[in-house]
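This report refers to the structure that appears directly beneath it.
The values are calculated or read from the model by the stated rules, or taken from the named source; none is laboratory data. Fair warning: this is a prediction, and the values are worked out from it, not measured in the lab. Neighbour counts are summed over all protein chains in view; Cβ atoms, including those assigned to glycine, are modelled from backbone coordinates with ideal geometry.
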């Protein structure tokens, strides 16, 4: 059956927040940010490694004696570059979801 009349008043209790509570929350947020920063650093280092591997294959193209050999080395560079691009998109998407940033794909449309 539906309740009639005004709903009962809810009693609120004021709690006293101390400086120690703020310090605790601040320290916890700093630790969380440090963990996120370390994870981002490791992901970017992994991307750097993949891009460096691809660049090494591209640099070897100059030493190729035939077009077929140059094409083979270019193909070897494509794999790590494609993988690095995919992982970079994942990192950017994760940052976009967790922050109030413009989407990474829309940033360069403004220029």
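Flag set for residue 45, criterion: in a helix (DSSP H, G or I), loosely packed, with under 13 Cβ neighbours inside 10 Å and within 18 Å of the chain's Cα centre (by Cα).
The residues listed here are 62, 53; of these, the one that is at pLDDT below 90, part of a helix (DSSP H, G or I) and loosely packed, with under 10 Cβ neighbours inside 10 Å is 62.
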